[in-house]
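Data first, discussion second: the structure below is written as structure tokens.
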Amino acid sequence: MYKKLFFMILAAPVILAGNAFAEIASGSDGGISWSISDSGELVISGTGEIPGYAKQDDGTGSKAPWYSYVDNISKITVSDGITGLGDRAFRGMTNVTEVSIPNSVTKIGNTVFENATSLNNVVIPDSVTSMGNYVFKGASSLTNVTLSNSITSIGQEAFYQTALTSVDIPDSVTTIGFKAFRDTALQSLTIGNSVTSIATDAFYGAVQNITSLIIPDSVTLISENAFYNLKKLESLTIGNSVTTIGTNAFSGASNLTSLIIPDSVTSIGVNAFRGAKNLTSLMIPDSVTDIKAWAFYEVKPEELIISSSKLQMYLNAAGSFEKIKNIRCIDGEDACKTTLEDMGYSSLLNFVSTYVPHISNSGNGEAHTHKLIYTVKEAEALSKPTGNKFRIRYK
């Protein structure tokens, strides 16, 4: 009896220790080693990059060696010393809820966490300078991501079909790729001050709950469907370098009340502002040379700031005078009155006035942008009340 009891007392801690440290699988691949504990943690250690692996649905090449244990893995820990996450390294890890990426990683390849459907929070360290396409595509539980302040681009479909609610795009980023954030559920969005282009479908369907949006001055191109379906948008600022507003770019902004299109814009695409039916004020600068069909469909502003040469273009783009109370003519009252008479809209002549730009001091003695001043005489007259000197923009 004493021997049996003695055996049981010694055996118990051995079993417990085994449960705490047991590995269910391990191996190596090039310069890396990996192990999976019975607690569900996959640990990658070593030096250099995790290799790229084959697509798991086409049968070619080699799959990640830990993929056979996909149902057992709930946490991924990448150890310090690993410099890159190869293509498809953790694709389809549907039970993973937690990922740890060290500061030694500089590169995240394509499709690395695609369809990691249980992953909900990721921090990408500032050491990462390159991030590929489809990285988190289909990670349908991902609600929060902290982006590296060193990446220069957000790849194609990088966060497509995730559950992100908030995105801060750092100032290091210059391009936002095709469908990068499509079909997410953003409540807030901040676009960094170095972004120059926003690709087709970048935020398609992702901005239904956004109430305020600022496009920074660095942006020159807003592509097709970039911000499609902004149905709760109340405030929109378009930066002073945008030259092209693509098809459906801001379509569906039914709660927007005021819109100033900056005088850098030359082209406005089909349906670009379609459905912005509650606009009370709309400004179309003389820089615009091309307005496509239906760009202003259902737009019925009370105030329209426009040049005489753009009145017909506005109508051709399905803009309406139905609610008009004031047409402020950029090139002078007489010019717009003549154009309206030629167009058969003599009934609107009583609403026409000359556009006088509102000048305010921006802190450096210059006028705010969006405001057009045509002559030195006008500039001097507008400057006298404040004693400031303002930049003169010639017609």
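Which pairs do you get when a residue that is on the phi > 0 side of the Ramachandran plot, found in region 240-252, comes within reach of a residue that is among the hydroxyl-bearing types (Ser, Thr, Tyr), reach meaning Cβ atoms under 8 angstrom, with the pair 6+ apart or on two chains?
ASN248/TYR228; GLY252/TYR228
Among the residues of region 222-234, is any touching a strand residue (DSSP E or B) at 6+ places or on another chain (Cβ under 9 Å), among the β-branched types (Val, Ile, Thr) and crowded, with 22+ Cβ neighbours inside 10 Å?
Yes.
Just checking, which of VAL265, VAL207 is in contact with a strand residue (DSSP E or B) (Cβ under 8 Å, 6 or more places away or on another chain) and within 18 Å of TYR314 (Cα to Cα)?
Going through VAL265, VAL207 in turn, the sole match is VAL265.
Of the residues that sit in region 242-256 and are in contact with a Ser or Thr (Cβ under 6 Å, 6 or more places away or on another chain) and buried (at least 17 other Cβ atoms within 10 Å of the Cβ), which one is nearest to TYR297 (Cα to Cα)?
For region 242-256, the residue satisfying everything is GLY246.
Please determine, by comparing only the residues of region 201-219 that are surrounded by 18 or more Cβ atoms within 10 Å (Cβ to Cβ) and over 19 Å from GLY138 (Cα atoms), which one is farthest from the chain's Cα centre (by Cα).
SER218
Given the structure, is ILE50 in contact with a Leu (Cβ under 6 Å, 6 or more places away or on another chain), at pLDDT 95 or above, at negative phi and not charged (D, E, K, R)?
It is true that ILE50 is in contact with a Leu (Cβ under 6 Å, 6 or more places away or on another chain), at pLDDT 95 or above, at negative phi and not charged (D, E, K, R).
Against the definition (assigned to a loop (DSSP other than H, G, I, E, B) and touching a residue at least 40 places away in the same chain (Cβ under 8 Å)), how does GLY92 come out, yes or no?
Taking the combined requirement at face value, the residue does not satisfy it.
Give region 9-42 a look and list any residue that's modelled with pLDDT under 95 and aromatic (Phe, Trp, Tyr), or say none.
PHE21, the sole residue that qualifies.
Output the qualifying pairs, or none if there are none: Cβ atoms under 8 angstrom, residues six or more apart or on different chains, first residue in region 110-129 and over 19 Å from GLN161 (Cα atoms), second residue in a strand (DSSP E or B) and of a type in the set (D, E, K, R).
VAL128/LYS107; THR129/LYS107
Listed residues ILE101, ILE124, ILE151; which is closer than 20 Å to GLY52 by Cβ, modelled with pLDDT of 95 or more and either touching a Leu at 6+ places or on another chain (Cβ under 6 Å) or surrounded by fewer than 16 Cβ atoms within 10 Å (Cβ to Cβ) (or both)?
One residue alone meets the criteria, ILE124.
For the subset of region 153-167 comprising residues that are part of a strand (DSSP E or B) and free of Cβ contacts under 8 Å to residues at least 24 places away in the same chain, which member is farthest from the chain's Cα centre (by Cα)?
Residue satisfying both the conditions and the ranking: SER166.
Taking the conditions exactly as written (in contact with a Gly (Cβ under 9 Å, 6 or more places away or on another chain), under 18 Å from ASP29 (Cα atoms) and not polar (S, T, N, Q)), does GLY109 satisfy them or not?
When the stated conditions are applied, GLY109 passes them.
If I go through region 246-298 residue by residue, how many of them are assigned to a strand (DSSP E or B) and not small (Gly, Ala, Ser)?
7
Can you tell me which residue among GLY109, GLY81, GLY92 is within 23 Å of ILE176 (Cα to Cα) and either among the small types (Gly, Ala, Ser) or surrounded by fewer than 20 Cβ atoms within 10 Å (Cβ to Cβ) (or both)?
Step by step, each of GLY109, GLY81, GLY92 is checked, and only GLY109 is within 23 Å of ILE176 (Cα to Cα) and either among the small types (Gly, Ala, Ser) or surrounded by fewer than 20 Cβ atoms within 10 Å (Cβ to Cβ) (or both).
The values are calculated or read from the model by the stated rules, or taken from the named source; none is laboratory data. As the structure is a computational prediction, the values presented were derived from the model and not from experiment. Glycine gets a Cβ as well: all are built from the backbone with ideal geometry, and neighbour counts include every protein chain shown.
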